[in-house]
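Novice: Before anything else, here's the structure in question.
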Amino acid sequence: MTDPITGLVLTGGGARAGYQVGVLKGIAQIRRDAGIVSGNPFPVIAGTSAGAINAAALATRADDFDRAIADLVEVWANLRVGQIYRADLPGIIRTGARWLGMLMFGWLIPALQGRRPQSLLDNSPLQSSLREWVDPTRIHELMQQGCLRALAVTASSYGSGLHVTFYEAVDDIQPWTRSQRFAVRDAIAPQHLLASSAIPFVFPAVPLRIEGRIEYFGDGSMRQSAPISPAIHLGAERILVVGGGRIKEPAGPRAGCSEYPNLAQVAGHALSNIFLDSLTADAERLQRINTTLGLLPVDALGRTTLRPIEVLMISPSERLDDLAGKHIDSLPFAVRSLLRAVGVSGRGESARGAALVSYLLFESAYTRELIDLGCSDTLARRDEVLRFFNWGDPSQQGEASRLQVDSRFKAWTTPDFSDTTKRGQSPQGGVRWKSVVDSQQSSNEKRFDC
(Lines give C-alpha, C1' and ligand atoms only; values in the text may rest on other atoms or scores of the structure.)
Protein backbone atom coordinates (compact mmCIF):
# COMPACT_ATOMS: atom_id res chain seq x y z
CA MET A 1 0.00 0.00 0.00
CA THR A 2 1.44 3.34 -1.03
CA ASP A 3 1.58 6.27 1.36
CA PRO A 4 -0.89 9.10 0.83
CA ILE A 5 0.37 12.14 -1.08
CA THR A 6 1.60 14.59 1.55
CA GLY A 7 1.18 18.33 1.16
CA LEU A 8 2.87 21.17 3.00
CA VAL A 9 1.11 24.48 3.61
CA LEU A 10 3.27 27.42 4.70
CA THR A 11 1.26 30.46 5.72
CA GLY A 12 2.16 34.15 5.66
CA GLY A 13 3.59 36.38 8.34
CA GLY A 14 6.66 38.29 7.15
CA ALA A 15 9.60 37.64 9.47
CA ARG A 16 7.46 35.21 11.47
CA ALA A 17 8.11 32.70 8.67
CA GLY A 18 11.36 31.87 10.45
CA TYR A 19 9.20 29.70 12.70
CA GLN A 20 8.33 27.55 9.66
CA VAL A 21 12.01 26.84 9.14
CA GLY A 22 12.31 25.63 12.72
CA VAL A 23 9.33 23.30 12.28
CA LEU A 24 10.84 21.87 9.09
CA LYS A 25 14.17 21.47 10.88
CA GLY A 26 12.39 19.40 13.53
CA ILE A 27 10.57 17.35 10.87
CA ALA A 28 13.88 16.61 9.15
CA GLN A 29 15.42 15.50 12.45
CA ILE A 30 12.51 13.17 13.27
CA ARG A 31 12.65 11.78 9.74
CA ARG A 32 16.35 10.91 10.01
CA ASP A 33 15.85 9.40 13.47
CA ALA A 34 13.21 7.14 11.91
CA GLY A 35 15.85 5.88 9.45
CA ILE A 36 14.49 7.65 6.37
CA VAL A 37 17.27 9.30 4.40
CA SER A 38 15.91 9.74 0.89
CA GLY A 39 12.90 11.05 -0.96
CA ASN A 40 10.87 14.22 -0.66
CA PRO A 41 8.30 14.03 2.17
CA PHE A 42 6.30 16.91 0.63
CA PRO A 43 5.58 16.32 -3.09
CA VAL A 44 2.89 19.05 -2.94
CA ILE A 45 3.92 22.44 -1.52
CA ALA A 46 1.75 25.53 -1.17
CA GLY A 47 2.84 28.84 0.31
CA THR A 48 1.56 32.32 0.97
CA SER A 49 3.47 35.56 1.56
CA ALA A 50 6.86 34.79 3.16
CA GLY A 51 5.67 31.18 3.26
CA ALA A 52 5.59 31.27 -0.55
CA ILE A 53 9.29 32.15 -0.57
CA ASN A 54 10.10 29.27 1.77
CA ALA A 55 7.91 26.98 -0.36
CA ALA A 56 9.74 27.94 -3.58
CA ALA A 57 13.12 27.54 -1.89
CA LEU A 58 12.12 24.02 -0.80
CA ALA A 59 10.87 23.23 -4.30
CA THR A 60 14.20 24.38 -5.76
CA ARG A 61 15.93 21.68 -3.67
CA ALA A 62 13.22 19.01 -3.76
CA ASP A 63 15.75 16.31 -4.69
CA ASP A 64 17.55 16.61 -1.32
CA PHE A 65 15.21 17.42 1.55
CA ASP A 66 17.88 17.46 4.27
CA ARG A 67 20.05 19.84 2.27
CA ALA A 68 17.03 22.02 1.49
CA ILE A 69 16.29 22.42 5.19
CA ALA A 70 19.94 22.99 6.06
CA ASP A 71 20.10 25.76 3.45
CA LEU A 72 16.89 27.36 4.75
CA VAL A 73 18.21 27.26 8.31
CA GLU A 74 21.48 28.83 7.17
CA VAL A 75 19.65 31.67 5.42
CA TRP A 76 17.18 32.43 8.21
CA ALA A 77 19.70 32.05 11.03
CA ASN A 78 21.89 34.72 9.46
CA LEU A 79 19.21 36.95 7.99
CA ARG A 80 19.54 40.74 7.99
CA VAL A 81 16.92 43.37 7.28
CA GLY A 82 19.00 44.68 4.37
CA GLN A 83 18.39 41.43 2.47
CA ILE A 84 14.64 42.09 2.48
CA TYR A 85 14.17 45.88 2.36
CA ARG A 86 16.27 49.02 2.36
CA ALA A 87 17.18 49.90 5.94
CA ASP A 88 19.65 52.69 5.25
CA LEU A 89 18.72 56.29 6.09
CA PRO A 90 18.42 57.51 2.45
CA GLY A 91 16.21 54.52 1.59
CA ILE A 92 13.96 55.07 4.62
CA ILE A 93 13.64 58.79 3.87
CA ARG A 94 12.80 58.12 0.23
CA THR A 95 9.92 55.79 1.07
CA GLY A 96 8.85 55.71 4.71
CA ALA A 97 9.37 59.35 5.66
CA ARG A 98 7.79 60.53 2.41
CA TRP A 99 4.83 58.20 2.98
CA LEU A 100 4.25 59.54 6.48
CA GLY A 101 4.72 63.11 5.25
CA MET A 102 2.17 62.55 2.51
CA LEU A 103 -0.35 61.30 5.07
CA MET A 104 0.13 64.39 7.22
CA PHE A 105 0.62 67.18 4.68
CA GLY A 106 -0.38 65.86 1.26
CA TRP A 107 -3.81 67.46 1.46
CA LEU A 108 -2.21 70.80 2.34
CA ILE A 109 0.57 70.95 -0.27
CA PRO A 110 -0.77 70.15 -3.77
CA ALA A 111 2.77 69.78 -5.17
CA LEU A 112 3.25 66.65 -3.05
CA GLN A 113 0.28 64.88 -4.60
CA GLY A 114 2.19 64.10 -7.79
CA ARG A 115 4.93 62.37 -5.83
CA ARG A 116 2.89 59.75 -4.03
CA PRO A 117 5.10 57.01 -2.52
CA GLN A 118 4.04 53.45 -3.26
CA SER A 119 4.83 51.88 0.10
CA LEU A 120 6.26 52.40 3.55
CA LEU A 121 9.41 50.40 2.73
CA ASP A 122 11.45 49.62 -0.39
CA ASN A 123 11.81 45.84 -0.80
CA SER A 124 14.05 45.95 -3.89
CA PRO A 125 16.82 44.02 -2.00
CA LEU A 126 14.43 41.06 -1.82
CA GLN A 127 14.55 40.78 -5.61
CA SER A 128 18.30 40.09 -5.46
CA SER A 129 17.87 37.67 -2.56
CA LEU A 130 15.23 35.68 -4.45
CA ARG A 131 17.66 35.15 -7.33
CA GLU A 132 19.97 33.42 -4.85
CA TRP A 133 17.31 31.39 -3.05
CA VAL A 134 14.98 30.28 -5.86
CA ASP A 135 15.61 28.81 -9.32
CA PRO A 136 12.42 28.51 -11.44
CA THR A 137 14.17 26.42 -14.10
CA ARG A 138 15.34 23.90 -11.54
CA ILE A 139 11.84 23.66 -10.04
CA HIS A 140 10.49 22.69 -13.46
CA GLU A 141 13.30 20.16 -13.99
CA LEU A 142 12.72 18.52 -10.60
CA MET A 143 9.04 18.17 -11.43
CA GLN A 144 9.93 16.38 -14.63
CA GLN A 145 12.30 14.11 -12.67
CA GLY A 146 9.51 13.13 -10.26
CA CYS A 147 10.94 14.85 -7.18
CA LEU A 148 8.00 17.23 -6.91
CA ARG A 149 4.36 17.03 -8.00
CA ALA A 150 3.13 20.60 -7.55
CA LEU A 151 3.98 24.05 -6.23
CA ALA A 152 1.45 26.81 -5.54
CA VAL A 153 1.73 30.41 -4.34
CA THR A 154 -1.11 32.82 -3.73
CA ALA A 155 -1.58 36.56 -4.19
CA SER A 156 -4.43 39.04 -3.96
CA SER A 157 -5.47 41.28 -6.87
CA TYR A 158 -5.97 44.92 -5.95
CA GLY A 159 -7.84 45.45 -9.22
CA SER A 160 -10.46 42.70 -9.07
CA GLY A 161 -10.37 42.09 -5.31
CA LEU A 162 -10.06 38.35 -5.99
CA HIS A 163 -7.67 35.87 -4.43
CA VAL A 164 -5.52 34.06 -7.00
CA THR A 165 -3.51 30.85 -6.67
CA PHE A 166 -0.71 30.47 -9.22
CA TYR A 167 0.39 26.87 -9.55
CA GLU A 168 2.77 24.63 -11.45
CA ALA A 169 2.15 20.89 -11.55
CA VAL A 170 3.21 17.69 -13.24
CA ASP A 171 -0.30 16.29 -13.53
CA ASP A 172 -2.97 17.75 -15.79
CA ILE A 173 -4.76 19.60 -12.99
CA GLN A 174 -7.38 21.97 -14.31
CA PRO A 175 -7.65 25.47 -12.78
CA TRP A 176 -10.41 25.76 -10.21
CA THR A 177 -12.83 28.56 -9.38
CA ARG A 178 -14.54 29.18 -6.07
CA SER A 179 -16.27 32.16 -4.47
CA GLN A 180 -13.89 35.17 -4.52
CA ARG A 181 -10.94 32.99 -5.53
CA PHE A 182 -9.61 31.10 -8.52
CA ALA A 183 -6.46 29.41 -9.79
CA VAL A 184 -4.15 30.07 -12.74
CA ARG A 185 -1.65 27.59 -14.11
CA ASP A 186 1.67 29.36 -14.60
CA ALA A 187 5.41 28.80 -14.18
CA ILE A 188 6.27 30.12 -10.71
CA ALA A 189 8.77 32.98 -10.97
CA PRO A 190 10.29 35.54 -8.55
CA GLN A 191 7.60 38.05 -9.54
CA HIS A 192 4.94 35.74 -8.15
CA LEU A 193 6.87 35.50 -4.87
CA LEU A 194 7.30 39.27 -4.66
CA ALA A 195 3.56 39.70 -5.22
CA SER A 196 2.61 37.05 -2.68
CA SER A 197 4.84 38.63 -0.01
CA ALA A 198 3.92 42.30 -0.67
CA ILE A 199 2.56 43.15 2.80
CA PRO A 200 -0.15 45.81 2.33
CA PHE A 201 1.04 49.41 2.86
CA VAL A 202 4.50 48.11 3.83
CA PHE A 203 5.74 46.78 0.45
CA PRO A 204 4.72 47.92 -3.05
CA ALA A 205 2.19 46.07 -5.20
CA VAL A 206 3.61 43.90 -7.98
CA PRO A 207 2.34 43.72 -11.58
CA LEU A 208 1.53 40.25 -12.93
CA ARG A 209 0.08 39.24 -16.28
CA ILE A 210 -3.13 37.30 -15.90
CA GLU A 211 -5.70 36.41 -18.53
CA GLY A 212 -3.94 38.61 -21.09
CA ARG A 213 -3.72 41.77 -19.02
CA ILE A 214 -1.63 43.32 -16.26
CA GLU A 215 -3.04 43.45 -12.73
CA TYR A 216 -1.34 44.62 -9.54
CA PHE A 217 -1.13 42.13 -6.71
CA GLY A 218 -0.41 42.26 -3.00
CA ASP A 219 0.12 39.83 -0.16
CA GLY A 220 -1.60 36.49 -0.65
CA SER A 221 -2.86 36.44 2.93
CA MET A 222 -5.34 39.21 2.11
CA ARG A 223 -8.84 37.83 1.51
CA GLN A 224 -7.51 34.28 1.84
CA SER A 225 -10.52 32.40 3.14
CA ALA A 226 -9.19 28.88 2.49
CA PRO A 227 -5.39 28.66 2.89
CA ILE A 228 -5.38 24.84 2.90
CA SER A 229 -7.46 24.56 -0.27
CA PRO A 230 -4.67 24.82 -2.92
CA ALA A 231 -2.83 21.79 -1.54
CA ILE A 232 -6.05 19.75 -1.68
CA HIS A 233 -6.77 20.81 -5.26
CA LEU A 234 -3.22 19.81 -6.20
CA GLY A 235 -3.75 16.26 -4.96
CA ALA A 236 -2.59 16.23 -1.34
CA GLU A 237 -4.28 13.54 0.76
CA ARG A 238 -2.73 14.54 4.08
CA ILE A 239 -1.34 17.97 4.89
CA LEU A 240 1.12 19.46 7.33
CA VAL A 241 0.15 23.08 8.05
CA VAL A 242 2.55 25.47 9.77
CA GLY A 243 0.87 28.45 11.41
CA GLY A 244 2.39 31.81 12.27
CA GLY A 245 0.64 32.60 15.55
CA ARG A 246 -0.35 30.91 18.79
CA ILE A 247 -3.73 29.23 18.28
CA LYS A 248 -4.68 28.73 21.92
CA GLU A 249 -3.94 31.19 24.69
CA PRO A 250 -2.90 29.67 28.04
CA ALA A 251 -5.14 29.86 31.08
CA GLY A 252 -4.65 32.82 33.36
CA PRO A 253 -5.06 36.59 33.32
CA ARG A 254 -5.84 37.96 29.88
CA ALA A 255 -3.25 40.33 28.46
CA GLY A 256 -4.52 43.82 27.76
CA CYS A 257 -3.74 47.52 27.73
CA SER A 258 -5.88 50.42 28.97
CA GLU A 259 -4.11 53.03 26.84
CA TYR A 260 -5.58 54.26 23.58
CA PRO A 261 -4.01 52.25 20.70
CA ASN A 262 -1.49 54.06 18.53
CA LEU A 263 -1.00 53.61 14.79
CA ALA A 264 1.58 50.84 15.23
CA GLN A 265 -0.75 48.82 17.46
CA VAL A 266 -3.66 49.21 15.06
CA ALA A 267 -1.44 48.22 12.12
CA GLY A 268 -0.14 45.16 13.98
CA HIS A 269 -3.66 44.12 14.91
CA ALA A 270 -4.77 44.48 11.28
CA LEU A 271 -1.82 42.43 9.99
CA SER A 272 -2.54 39.70 12.54
CA ASN A 273 -6.10 39.57 11.25
CA ILE A 274 -4.81 39.22 7.68
CA PHE A 275 -2.13 36.63 8.41
CA LEU A 276 -3.50 34.49 11.24
CA ASP A 277 -7.27 34.31 11.52
CA SER A 278 -8.31 32.43 8.36
CA LEU A 279 -6.09 29.41 9.01
CA THR A 280 -7.88 28.26 12.15
CA ALA A 281 -11.29 28.66 10.52
CA ASP A 282 -10.21 26.67 7.46
CA ALA A 283 -8.76 23.86 9.59
CA GLU A 284 -11.97 23.67 11.63
CA ARG A 285 -14.04 23.57 8.44
CA LEU A 286 -11.91 20.73 7.10
CA GLN A 287 -12.34 18.82 10.34
CA ARG A 288 -16.11 19.17 10.16
CA ILE A 289 -16.06 17.81 6.60
CA ASN A 290 -13.94 14.86 7.75
CA THR A 291 -16.39 14.16 10.58
CA THR A 292 -19.36 14.31 8.21
CA LEU A 293 -17.70 11.98 5.72
CA GLY A 294 -17.03 9.53 8.53
CA LEU A 295 -20.76 9.29 9.15
CA LEU A 296 -21.66 8.44 5.56
CA PRO A 297 -22.19 4.84 4.40
CA VAL A 298 -19.80 3.44 1.80
CA ASP A 299 -22.24 3.78 -1.11
CA ALA A 300 -22.85 7.46 -0.29
CA LEU A 301 -19.11 8.12 -0.15
CA GLY A 302 -18.83 6.76 -3.67
CA ARG A 303 -21.25 9.40 -4.94
CA THR A 304 -19.34 12.41 -3.62
CA THR A 305 -16.14 14.03 -4.82
CA LEU A 306 -15.26 14.93 -1.22
CA ARG A 307 -12.59 12.88 0.52
CA PRO A 308 -11.21 12.91 4.05
CA ILE A 309 -7.98 14.89 4.46
CA GLU A 310 -5.75 14.30 7.46
CA VAL A 311 -4.24 17.54 8.76
CA LEU A 312 -1.44 18.07 11.27
CA MET A 313 -1.11 21.71 12.27
CA ILE A 314 1.90 23.03 14.18
CA SER A 315 1.83 26.58 15.49
CA PRO A 316 3.88 28.59 18.00
CA SER A 317 3.55 27.75 21.68
CA GLU A 318 4.63 31.29 22.57
CA ARG A 319 3.48 34.76 21.54
CA LEU A 320 5.74 35.88 18.71
CA ASP A 321 4.85 39.50 19.53
CA ASP A 322 6.65 39.08 22.86
CA LEU A 323 9.70 37.52 21.18
CA ALA A 324 9.86 40.39 18.71
CA GLY A 325 9.53 42.94 21.52
CA LYS A 326 12.77 41.63 23.03
CA HIS A 327 14.68 42.35 19.83
CA ILE A 328 13.40 45.75 18.68
CA ASP A 329 16.85 47.19 19.34
CA SER A 330 18.42 44.83 16.79
CA LEU A 331 16.72 46.74 13.97
CA PRO A 332 18.85 49.33 12.16
CA PHE A 333 18.59 52.87 13.52
CA ALA A 334 16.70 54.22 10.51
CA VAL A 335 14.03 51.49 10.76
CA ARG A 336 13.66 51.98 14.52
CA SER A 337 13.22 55.70 13.97
CA LEU A 338 10.51 55.12 11.38
CA LEU A 339 8.68 52.67 13.65
CA ARG A 340 8.92 55.04 16.59
CA ALA A 341 7.21 57.65 14.42
CA VAL A 342 4.15 55.37 14.15
CA GLY A 343 4.13 54.46 17.84
CA VAL A 344 6.51 51.53 18.46
CA SER A 345 8.07 51.89 21.90
CA GLY A 346 9.36 49.90 24.87
CA ARG A 347 10.84 46.41 24.98
CA GLY A 348 9.73 42.86 25.70
CA GLU A 349 6.20 42.09 26.83
CA SER A 350 5.56 45.76 27.63
CA ALA A 351 6.51 46.95 24.13
CA ARG A 352 3.81 48.83 22.22
CA GLY A 353 3.48 47.93 18.56
CA ALA A 354 5.41 44.65 18.93
CA ALA A 355 2.93 42.86 16.67
CA LEU A 356 3.86 45.17 13.79
CA VAL A 357 7.56 44.67 14.55
CA SER A 358 7.15 40.87 14.53
CA TYR A 359 6.38 40.99 10.79
CA LEU A 360 9.30 43.29 9.87
CA LEU A 361 12.10 42.08 12.16
CA PHE A 362 14.24 40.21 9.63
CA GLU A 363 17.23 40.08 11.99
CA SER A 364 19.05 36.97 13.13
CA ALA A 365 18.61 37.65 16.86
CA TYR A 366 14.86 37.24 16.33
CA THR A 367 14.83 34.65 13.54
CA ARG A 368 17.11 32.30 15.46
CA GLU A 369 14.68 32.33 18.35
CA LEU A 370 11.88 31.56 15.90
CA ILE A 371 13.84 28.64 14.47
CA ASP A 372 14.56 27.27 17.94
CA LEU A 373 10.92 27.63 18.95
CA GLY A 374 9.64 25.93 15.79
CA CYS A 375 12.04 23.04 16.18
CA SER A 376 11.25 22.66 19.89
CA ASP A 377 7.49 22.72 19.29
CA THR A 378 7.88 20.03 16.62
CA LEU A 379 10.10 17.72 18.66
CA ALA A 380 7.62 18.03 21.55
CA ARG A 381 5.05 16.46 19.20
CA ARG A 382 7.35 13.78 17.85
CA ASP A 383 4.86 10.93 18.32
CA GLU A 384 2.16 12.82 16.41
CA VAL A 385 4.60 13.51 13.57
CA LEU A 386 5.66 9.87 13.38
CA ARG A 387 2.03 8.71 13.22
CA PHE A 388 1.12 11.35 10.64
CA PHE A 389 3.91 10.27 8.26
CA ASN A 390 3.76 6.55 9.17
CA TRP A 391 7.42 6.69 10.10
CA GLY A 392 7.69 3.58 12.24
CA ASP A 393 6.76 2.86 15.86
CA PRO A 394 7.11 5.92 18.14
CA SER A 395 7.92 3.66 21.11
CA GLN A 396 11.12 2.55 19.39
CA GLN A 397 12.53 6.08 19.36
CA GLY A 398 15.18 6.33 22.08
CA GLU A 399 15.56 9.35 24.36
CA ALA A 400 18.96 10.17 22.90
CA SER A 401 17.59 10.42 19.38
CA ARG A 402 14.60 12.40 20.69
CA LEU A 403 16.81 15.21 21.88
CA GLN A 404 19.74 15.24 19.47
CA VAL A 405 19.85 17.70 16.59
CA ASP A 406 22.13 16.99 13.66
CA SER A 407 25.08 19.41 13.40
CA ARG A 408 24.39 19.62 9.68
CA PHE A 409 21.50 21.92 10.57
CA LYS A 410 23.79 24.52 12.17
CA ALA A 411 22.40 23.77 15.63
CA TRP A 412 23.70 26.27 18.15
CA THR A 413 22.63 24.50 21.33
CA THR A 414 23.25 21.20 23.06
CA PRO A 415 20.31 19.41 24.70
CA ASP A 416 20.50 19.81 28.47
CA PHE A 417 17.57 19.44 30.86
CA SER A 418 19.68 19.26 34.01
CA ASP A 419 19.04 22.92 34.85
CA THR A 420 15.64 24.27 33.86
CA THR A 421 16.66 27.86 34.53
CA LYS A 422 19.93 27.89 32.63
CA ARG A 423 20.33 30.02 29.53
CA GLY A 424 23.39 30.26 27.36
CA GLN A 425 24.61 31.81 24.15
CA SER A 426 25.74 29.90 21.12
CA PRO A 427 29.06 30.48 19.37
CA GLN A 428 27.03 32.30 16.71
CA GLY A 429 25.06 34.33 19.25
CA GLY A 430 21.83 32.36 19.05
CA VAL A 431 19.67 32.04 22.14
CA ARG A 432 19.68 28.76 23.96
CA TRP A 433 16.22 27.74 25.11
CA LYS A 434 15.67 26.72 28.70
CA SER A 435 13.35 23.81 29.48
CA VAL A 436 9.89 25.09 30.31
CA VAL A 437 6.39 23.73 30.39
CA ASP A 438 4.83 24.07 26.94
CA SER A 439 1.54 25.91 27.25
CA GLN A 440 0.07 23.77 24.47
CA GLN A 441 1.29 20.46 25.88
CA SER A 442 0.50 18.57 29.06
CA SER A 443 2.07 19.75 32.29
CA ASN A 444 4.44 16.74 32.29
CA GLU A 445 6.07 17.59 28.97
CA LYS A 446 9.15 19.76 28.57
CA ARG A 447 10.20 22.00 25.70
CA PHE A 448 12.89 20.32 23.64
CA ASP A 449 16.16 22.09 22.92
CA CYS A 450 17.18 22.54 19.30
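The values are calculated or read from the model by the stated rules, or taken from the named source; none is laboratory data. Predicted, not measured: the structure shown is a model, and the values here were computed from it. We place every Cβ from the backbone using ideal geometry, glycine too, and count neighbours over all the protein chains shown. The protein model used for the area step is the full one, side chains on, heavy atoms only, and it has no ligands, DNA or RNA in it. Shrake-Rupley method; radii C 1.70, N 1.55, O 1.52, S 1.80 Å.
Novice: At a 1.4 Å probe, what is the % contribution of carbon and sulfur to the accessible area of the range 1-70? Mind dumping the intermediate values first?
Specialist: Working: 810 of 1570 Å².
Here carbon and sulfur together make up 52 percent of the probe-accessible area.
Novice: Next question, about the same structure. What order do Leu295, Leu339 take when sorted by accessible area (1.4 Å probe), most exposed first? Please list the in-between numbers first.
Specialist: Working: Leu295 140, Leu339 5 Å².
Final ranking, largest accessible area leading: Leu295, Leu339.
Novice: Full extension from Arg347 to Trp176: what is 0.36 nm times the residue separation minus their Cα-Cα distance, to one decimal in nm?
Specialist: Numbers: separation 171, 0.36 × 171 = 61.56 nm, distance 4.60 nm.
Working it through step by step, the gained length comes to 57.0 nm.
Novice: Please label the shape of the range 132-190 as rounded, prolate or oblate, based on the square roots a ≥ b ≥ c of the eigenvalues of the alpha-carbon gyration tensor (a/c under 1.5 means rounded; beyond that, a/b larger than b/c means prolate, else oblate).
Specialist: Numbers: a/c = 3.73, a/b = 1.64, b/c = 2.27.
It comes out oblate by the Cα gyration axes.
Novice: Dividing the alpha-carbon Rg of the range 16-97 by 2.2 N^0.38 Å yields what? All intermediate terms of the calculation are to be shown ahead of the outcome.
Specialist: Numbers: Rg = 15.8 Å, N = 82, 2.2 N^0.38 = 11.7 Å.
Relative to the rule-of-thumb radius for its length, the range 16-97 sits at 1.35.
Novice: Kindly write out, for the range 347-359 in residue order, the coupling ³J(HN,Hα) from the Karplus curve 6.51 cos²θ - 1.76 cosθ + 1.60 (θ = phi - 60°), rounded to whole Hz, with x marking Gly and Pro.
Specialist: In residue order, the calculated couplings are 9, x, 5, 8, 5, 9, x, 5, 4, 4, 4, 4, 8 Hz.
Novice: Please work out, to two decimal places, the log10 of the ratio I(q)/I(0) at q = 0.17 Å⁻¹ from a Debye calculation in which every Cα of the range 182-328 carries one identical scatterer.
Specialist: For the range 182-328 at q = 0.17 Å⁻¹, log10 I(q)/I(0) is -1.17.
Novice: Taking a probe of 1.4 Å, how large is the accessible area per residue of the range 315-361, in Å²?
Specialist: 35 Å²
Novice: What's the carbon and sulfur percent of the range 234-359's accessible surface, probe 1.4 angstrom, rounded to a whole number?
Specialist: Working: 3750 of 6650 Å².
The C+S portion of the solvent-accessible surface of the range 234-359 is 56 percent.
Novice: Taking the Cβ-Cβ separation of Glu310 and Phe333 as r and a Förster radius of 41 Å, what is the calculated FRET efficiency to the nearest 0.05?
Specialist: Values: r = 48 Å, r/R0 = 1.17.
Step by step, r from the Cβ atoms, then E = 0.30.
Novice: Please work out, to two decimal places, the log10 of the ratio I(q)/I(0) at q = 0.25 Å⁻¹ from a Debye calculation in which every Cα of the range 158-210 carries one identical scatterer.
Specialist: The computed values of log10 I(q)/I(0) come out as -1.11.
Novice: Give me the extension gain from Asn273 to Asp3: residue separation times 0.36 nm, minus the current Cα-Cα distance, reported in nm with one decimal. Each step should come with its number before you reach the end.
Specialist: Working: separation 270, 0.36 × 270 = 97.20 nm, distance 3.56 nm.
So the extension gain works out to 93.6 nm.
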